[in-house]
């Protein structure tokens, strides 16, 4: 060893052994265990386990990690993954698990996977995420999962039947997300979806075929999302399930569905926002669907913010006699109707039925008329909100052109108290005019409001 190295080593020893007690830690092992555990929380489970070879202090440090993320994708062989999971669970002992995240193929290991979930429940899991695929044979989640007193958040993505126990007791469950699940029976499903303190419920791409009537009766439910798959409507009973939703504390609902199920929401006086989007509809049931949608709108008429996709508005337009019976929205402040179509009577009937509307949005652009017909009669008379409350209009259109500017002028000349017209467009087709020229035309539009400001946004 050369003299320089000896001198450096001596200097390091002197610094580390300073008698004043204020020496700086030069090794990560000198950090408190709480900080080391915090560091481990930022790495994957596999890397956390690998730290056991660093030193004796690190050998079992990873076992106190509160979150377990177990996924089979990093493993090249199945047995490596299963051995890893079971080693992790054994070495952790009875240490508390805050979050348990399991993502893997089940294959022929149904009972083994079920035992892994049971192990998390026995360790007082608070958040449980189970994402399973490639299930071969029968699979049943452990019944103890549905009586876990510590569970506050559960997400299940399982393309299989959800077999539930006859008694479900989840006293602290606040968030429940279900994906790709087939509901089996009404009684147990109702218990699960009606947990006493449940606040957020999401049901996505689940199968309702085994159910005829279901009540979602969670008394504290605030946020509800239901996304249904598109189906071959000709082969499925359009009245597949009647779903009653108790909305005493409901703040937000989001439906994206072909509405094969008949969704009904009761007691929605607290509802703040709603989104309704029809994803698909067979021509043979479009009129029936129109009445179903209007009935749903009547049930949520106290809503303050409403978003309807252009397809939803189109379906409502399919039943001519429905025009006179559209729901009235006395509290509605913000409305997004998808596409601005000046020949759509239902659109303007909705505006007439929203007397206190303050913000109007067209999130799907402008529908150009097929010819040069005048649609001024559609706004004669103009909706009451146009002269009293409507302060802002927002348009999102990726392809603005001169014809669309003419459509906008027809709309804006009736908006007597409008203050802001926001136009969001990413690009203008070069064949349809220069961007600055269209901006100038927009600014020269004859508007009913003297205080109108037109603003542009490129995103």
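Below is a table of values for the structure above.
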{"item": "Test set (1) touching a helix residue (DSSP H, G or I) at 6+ places or on another chain (Cβ under 9 Å); (2) surrounded by 15 or more Cβ atoms within 10 Å (Cβ to Cβ); (3) at pLDDT 85 or above - residue 94 fails condition number", "result": "(2)"}
{"item": "Strands (runs of 3 or more DSSP E) wholly inside segment 246-322 that include at least 2 residues being within 17 Å of residue 224 (Cα to Cα) and in contact with a helix residue (DSSP H, G or I) (Cβ under 9 Å, 6 or more places away or on another chain)", "result": "262-266, 273-278, 305-308"}
{"item": "Test: residue 140 is surrounded by 16 or more Cβ atoms within 10 Å (Cβ to Cβ) and without any contact (Cβ under 8 Å) to a residue 40 or more places away in the chain", "result": "no"}
{"item": "Residues satisfying the stated conditions in segment 118-137, i.e. assigned to a helix (DSSP H, G or I) and either buried (at least 18 other Cβ atoms within 10 Å of the Cβ) or not assigned by TED's automatic domain parsing to the domain that holds residue 182 (or both)", "result": "119, 120, 121"}
{"item": "Members of segment 50-61 that are in a helix (DSSP H, G or I) and at pLDDT 70 or above", "result": "50, 51, 61"}
{"item": "Residue list for segment 235-257, filter: over 15 Å from residue 218 (Cα atoms) and in contact with a strand residue (DSSP E or B) (Cβ under 7 Å, 6 or more places away or on another chain)", "result": "239, 241, 242, 254, 255, 256, 257"}
{"item": "Single condition residue 118 does not satisfy, out of (1) in contact with a helix residue (DSSP H, G or I) (Cβ under 7 Å, 6 or more places away or on another chain); (2) closer than 27 Å to residue 227 by Cα", "result": "(2)"}
{"item": "Residue tally, condition exposed (fewer than 15 other Cβ atoms within 10 Å of the Cβ), part of a loop (DSSP other than H, G, I, E, B), touching a strand residue (DSSP E or B) at 6+ places or on another chain (Cβ under 8 Å) and at pLDDT 80 or above, over segment 411-458", "result": "1"}
{"item": "Test: residue in segment 149-159 that is modelled with pLDDT under 95 and touching a strand residue (DSSP E or B) at 6+ places or on another chain (Cβ under 6 Å)", "result": "no"}
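The values are calculated or read from the model by the stated rules, or taken from the named source; none is laboratory data. This one's a predicted model, so the numbers in the text were calculated from it and none came from an experiment. Cβ coordinates were reconstructed from backbone atoms using ideal geometry, including for glycine residues, and neighbour counts include every protein chain displayed.
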